[in-house]
Amino acid sequence: MPIVLCLILAWMLAPAALAQGVTTPVEGPAVKPGDTWIYNKINGWNGELEDISLVKVRHVDAEGIDMDASALDGNGAARIRRTPGFNLVRIEAPQATKTTLPFYPNFAFPLSVGKTWKAAVVFESTDQPGKEVRAVLEARVVGFESVTVPAGTFQAMKIVMSGNYRARNLEHDWVGRIEDTLWYSPQARNAVRYEYKDTVGVSTYNHEIHELVRYWLVP
């Protein structure tokens, strides 16, 4: 799913911001309508570029955050719903609507090094009637890391999340595991890198990496 605004003042303050971030809990992103990010989607097996997506905040209120996503040429438009805490709830695309109930727990703001959380989730998709996927996921803030992506080098909070899932459809059931790692940058108001894997039994089924290419933030 995804022209850096390089302000001289922000560059000068970066070391101080990092020092503060290590000891001070990081609050959730104060995203605003118009905030925009471009991401590369990379095949985790061979490192090849698979897609480039543009994600833009459309609306923010006390109930949550609405975003639009599409390819750079405008094709494949989808709508994304996130909680006020920036966790994914729903993706509405032309082919299907995919929902995570109550939400996919990548974040538990405010974030601090060593913080952990756990959540049970249910995945649904309108293009797969009769399918049910349930998971229990545990996450931990590992710490601040310097991470370099096409948009630049960021001091980001590394969040590691994993857990087992159980799935079934009208024909059979199976088990697997989800593993993802996310680097969240307060500077970018979003993740700058995200790596996701899931398995079916002992075989890796999905492996994808998303890296920030450019972003625009509303002051």
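Every read-out reported here was derived from the displayed coordinates using simple, explicitly stated rules and does not represent laboratory data. In this text the structure is predicted, and so the values were computed from the model without any measurement. FYI the Cβ positions are ideal-geometry reconstructions off the backbone, even for glycines, and counts take in every protein chain you see.
For the stretch 107-153, which trypsin sites (Lys or Arg not before Pro) are both in a DSSP coil and crowded by at most 12 other Cβ atoms within 10 Å?
Those that pass, being in a loop and sparsely packed, number zero.
Could you give me the radius of gyration and the Dmax of the stretch 58-204, taking only the C-alpha atoms into account and expressing both in angstrom?
Considering the stretch 58-204 through its Cα atoms, Rg and Dmax are 16.3, 47 Å.
Rounded to the nearest 500 deg cm²/dmol, what is the calculated helix-only ellipticity per residue at 222 nm for the chain, with -39500 (n - 2.57) per DSSP H run of length n ≥ 4?
Taking each H run of at least 4 residues, the total per residue is -2500 deg cm²/dmol.
So what does the Cα-only Debye profile of the stretch 53-94 read at q = 0.15, 0.18, 0.20, 0.26 Å⁻¹, as log10 I(q)/I(0), no solvent term?
-0.33, -0.46, -0.56, -0.84
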